[in-house]
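Remarks on the structure that follows.
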Amino acid sequence: MKAAHIALCTLFVLLLAAEVQVSMAVTCSPVQLSPCVSAITSSSAPSNLCCSKIKEQKPCLCQYLKNPNLKKFVNTPNARKVASTCGTPFPKC
């Protein structure tokens, strides 16, 4: 339990540190995916808020995958499962 809490805190700090913006309709901000942290780091189901944030941030996922600090969290089996459960196909970058 303590390791999961540490992983959650680490992910949140990395998301804050790696905030990215692009000149698209959506502002790419990995912090927006924070409602998904528990679903990504455990086997819990994603919340409705998590799913809406994944759909909102979908145009940004390739950027997150290219970021070495974020890739290790975004490119995981659980992250893929969360995206699939939310009806958002995992990007092929």
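The values are calculated or read from the model by the stated rules, or taken from the named source; none is laboratory data. Note that the coordinates shown come from a computational prediction; the quantities given were computed from them, not determined experimentally. Note that we place each Cβ from the backbone using ideal geometry, even for glycine, and neighbour counts take in every protein chain shown.
With respect to the conditions (1) modelled with pLDDT under 90; (2) surrounded by fewer than 15 Cβ atoms within 10 Å (Cβ to Cβ), L14 falls short on a single one, namely (2). Looking at region 77-93 only, could you name the residues that are surrounded by fewer than 13 Cβ atoms within 10 Å (Cβ to Cβ) and without any contact (Cβ under 8 Å) to a residue 24 or more places away in the chain? Of everything in region 77-93, those that are surrounded by fewer than 13 Cβ atoms within 10 Å (Cβ to Cβ) and without any contact (Cβ under 8 Å) to a residue 24 or more places away in the chain turn out to be P77, S84, P89, K92.
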